[in-house]
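Step one of this worksheet: look at the structure below.
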Amino acid sequence: MHTLTHSTHGKSRVRVSKILRPREKPAVEETHRFLEAAVEVLLEGGTDAAYTDGDNANVVATDTVKNTVFALARDTDYDDLPTFGRVLANHFLSRYEHVTKVTVAMEGHTWHRLLDCPHAFTGSDAEARRVTVVAERGQPLRLADGFGGLMLAKTTATSFENFHRDAYRTLPDAADRVLATVLTASWAVNGSADRDDFDAVFATVRGALLTAFVDHHSVSVQATLYRMASAALDATDAIDAVTMSMPNKHHLPVDLSKLDRENDNVVFQVTDEPAGAIQATVTRGR
Ligand SMILES: O=c1[nH]c(=O)c2[nH]c(=O)[nH]c2[nH]1
């Protein structure tokens, strides 16, 4: 006999899009919004016997989970992903008594209006909204918002100097260098169970992060990360902590001297791997 110490099941990468259409006019005259997400729903609780005794009675099939995502996308009036995630999490917890915890993780891609056309959109595969909702029986709902995949670079006003010196250090001080990263940021939203302004909070936090990225001379990714997170905390009281990952995507100056050329900080070899891993959580207050 062995002990099953943890289990969860559900469906991942349920890709669903929804047209938000006012249905006041013929379709070609309506102004649409277009929301898209890849949804993962994971259920915990009540299914130990499925693993240990082959008893499937409490197993809500992962196919049923997938169907529910589409059905609730149709039934629910949502105009942001956090609201849809909250509806999904609450649904599974209230419908299935044996389920003790539901985690809904959504990766959303934003479709922006194209050339003012009411029903044509453009988007990018890179930046994605990331929303996680956790509904646990007897506890307040927790919702974290954020994004990943946002490429950022500064081509000056960035340096890295006076870092630790020992026998293994070969990197010279750089007074002027490229700083390039792919930003991931997430933040728990206070009072998530009741709010209806997730997109406004998102825009405020994202805007503060990006403004802080450009508004100073960076002496390291670490210092820039802290400044960005602090700006986000200062911008809204809807959040009390920000977790960020800012991998240092190195752009290494190429030695062109053997090719009889100077490289006055203009030509770089871009290396995706290895990347510097720089991650931190910054929390409000001292
Ligand atoms: O901003 C930086 N922080 C580091 O920790 C680091 N390490 C490194 O090699 N380059 C950089 N740049």
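Packing order of peptides 209-222, 7-20, highest average first: 209-222, 7-20 (average count of other Cβ atoms within 10 Å over each peptide's residues).
The helix-only estimate of mean residue ellipticity at 222 nm for the chain, built from DSSP H runs of length n ≥ 4 each weighted as -39500 (n - 2.57), is -7500 deg cm²/dmol after division by the residue total.
Between the amide H of residue 20 and those of 33, 34, 35, distances stay under 5 Å, these residues lying 5 or more places away or on another chain, with hydrogens modeled in the peptide plane. Could you please report the charge total around residue 77, scoring K, R as +1 and D, E as -1 over all other residues with beta-carbon less than 14 angstrom from its beta-carbon? Cβ neighbours under 14 Å give a net charge of +2.
Sequence-distant contacts, meaning Cα pairs under 8 Å at least 6 residues apart, place the relative contact order of the chain at 12 percent.
The string of couplings for segment 170-182 from the Karplus curve (6.51, -1.76, 1.60, θ = phi - 60°) is 10, 5, x, 4, 10, 7, 8, 9, 8, 10, 10, 8, 10 Hz, one whole number per residue in order, with x for Gly and Pro.
Phi angles of segment 164-169 translate, via the Karplus equation with coefficients 6.51, -1.76, 1.60 and θ = phi - 60°, into HN-Hα couplings of 4, 10, 7, 5, 8, 6 Hz per residue; Gly and Pro are given as x.
Listed values for segment 9-26 are Karplus-derived 3J(HN,Hα) couplings in whole Hz (6.51 cos²θ - 1.76 cosθ + 1.60, θ = phi - 60°), namely 8, x, 10, 10, 6, 7, 8, 9, 10, 9, 8, 8, 10, x, 6, 9, 9, x, and x replaces Gly and Pro. Here's how it looks for residue 248: its modeled amide H is under 5 Å from those of 276, 277, 278, which are all 5 or more places away or on a different chain. Under 5 Å between amide hydrogens, built in the peptide plane, is the criterion, and for residue 45 it picks out 100 among residues at least 5 positions away or on other chains. Within the shell defined by Cβ-Cβ distances under 14 Å, the residues around residue 278 carry a net charge of +2, with Lys and Arg each +1 and Asp and Glu each -1. Sorting 57-69, 265-277 by their mean Cβ neighbour count within 10 Å, with the most densely packed peptide first, gives 57-69, 265-277. Shape summary: the chain maps onto an equivalent ellipsoid whose semi-axes, from the alpha-carbon gyration tensor, are 41, 26, 19 Å in decreasing order. With neighbour counts taken as other beta-carbon atoms within 10 Å, the residues 151, 244 rank, fewest first, as 151, 244.
None of the figures in this text is laboratory data; all of them are computed from the coordinates on show. Values in this document were obtained by computation on a predicted structure and should not be read as measured data. Cβ atoms come from the backbone with ideal geometry, glycine included; neighbour counts cover every protein chain shown.
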